[in-house]
Amino acid sequence: MTGQALLTIAVVVVLVFLLVRIIPGDPVKVILGIQYTPEAAEVLREQLNLDKSIPEQFVLYVGGLLRGDLGGSTAQPGRSVAEIIAASLPATAAVAISGIVFGVIVGVILGLLAALSKKRGTDLSVRTFSMLTFSVPSFLVALLLILVFSLTLGWLPAGGWPGTWPENIPYLILPAIALSTTMSTLITRTVRQAAIDTQGQQFMEAAFMRGLPGRVLNAKHTLPNSLLPVLTLVGISIGTLLTGAIIVESVFGIPGIGQEMSQAVSRRDYPVVQGIALVSAIAVVISGYLVEIAYTFVDPRARTL
């Protein structure tokens, strides 16, 4: 697993390095736009090391990464990319972690409810709700949440970010819900199917015939076996959450990595785009790696694979 993770990170580093270099035409002209002058172009070309050969650029780029130097912003003079990411990362991490927690709790509860309920209408309602939430994009969910809970009921703020705790909590709820809808839907359907499969196993029927109560069987067998796929889904969903955060943070005005990425793209601030893309990709790889490690502890059978 460690080799795969390191190989993936190495490939990501190469792809991020090529991001500016594969832009059609002169990337300096693209970045400067209407502000292009020969003098400004020369300064920017030197700042981005584009005046050197590709191998030299790559060596300098990797050397900078090893020192924790992601370069400087072209749109925010005096600020390094690392500073920008460090300033915006806490807000994104708070939204993403809250979204994961909310998605797991809602997904597991609805999945078990659909699988264990003896009323067919409950299962049908949960599946219909899951399909509905899965088909609605996160930005539309965010707007609907603002309309209902902020503008109509006035329960929660429509946006903003105080930047201090616990004042951030009310501003975190609606973005977390909007961000978690897709993941909670996948978890709901996965947990439901895993619970149904577990209940159909022969050892469950044998235990039931021996007189074990249904709630004991569900607590000892159905719930643990249904939670195993959730780990995998959470690991896979990290990338989707980071992508969704770009939209959700823009809707709610949260100063996170998503908003910085959106602004960097509009300003053609390619060093910031490169840095955020690299950090996001590494975060996804590391989270997947940690999920695989956690899986081996939860399910001993995975250690032999």
Failed item in (1) within 17 Å of A264 (Cβ to Cβ); (2) touching a strand residue (DSSP E or B) at 6+ places or on another chain (Cβ under 9 Å), with D69 passing the rest: (1)
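Restricting the stretch 114-136 to residues that are among the basic types (K, R) and free of Cβ contacts under 8 Å to residues at least 12 places away in the same chain, which is least open to solvent (accessible area, probe 1.4 Å)? Spell out how you get there, then give the answer.
As a first pass, look at the stretch 114-136 and keep what is among the basic types (K, R): 118-120, 127.
Retained after the next criterion (residues that are free of Cβ contacts under 8 Å to residues at least 12 places away in the same chain): 118-120.
Details: K118: 196, K119: 144, R120: 186 Å².
Step by step, filter the stretch 114-136, then rank; the result is K119.
Let's see how each residue does on (1) surrounded by fewer than 18 Cβ atoms within 10 Å (Cβ to Cβ); (2) of a type in the set (G, A, S); (3) under 30 Å from S88 (Cβ atoms):
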{"residue": "S138", "(1), (2), (3)": "no, yes, yes"}
{"residue": "I177", "(1), (2), (3)": "no, no, yes"}
{"residue": "Q193", "(1), (2), (3)": "yes, no, no"}
{"residue": "T198", "(1), (2), (3)": "no, no, no"}
{"residue": "S226", "(1), (2), (3)": "no, yes, no"}
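So that you can scan it fast, the table gives a plain yes or no per residue for (1) in a loop (DSSP other than H, G, I, E, B); (2) surrounded by fewer than 14 Cβ atoms within 10 Å (Cβ to Cβ); (3) basic (K, R); (4) within 32 Å of the chain's Cα centre (by Cα):
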position	(1), (2), (3), (4)
A41	no, no, no, no
L44	no, no, no, no
K52	yes, no, yes, no
V59	no, yes, no, yes
G68	yes, yes, no, yes
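For the stretch 29-66: of the residues being of a type in the set (K, R) and in contact (Cβ under 8 Å) with a residue 12 or more places away in the chain, which is farthest from S266 (Cα to Cα)?
Residues of the stretch 29-66 that are of a type in the set (K, R), as a first pass: 29, 45, 52.
Add one more test, that the residue is in contact (Cβ under 8 Å) with a residue 12 or more places away in the chain, and what stays is 29, 45.
On the way: K29: 15, R45: 20 Å.
Here the residue is R45.
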For I254: the one exception among (1) open to solvent by less than 50 Å² (accessible area, probe 1.4 Å); (2) modelled with pLDDT of 85 or more; (3) among the hydrophobic types (A, V, I, L, M, F, W, C); (4) assigned to a helix (DSSP H, G or I): (4)
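The values are calculated or read from the model by the stated rules, or taken from the named source; none is laboratory data. Everything quoted here is computed from the prediction, not taken from an experiment. Note that we place each Cβ from the backbone using ideal geometry, even for glycine, and neighbour counts take in every protein chain shown. Areas reflect the complete protein model, heavy atoms only, side chains present, ligands, DNA and RNA absent. Shrake-Rupley method; radii C 1.70, N 1.55, O 1.52, S 1.80 Å.
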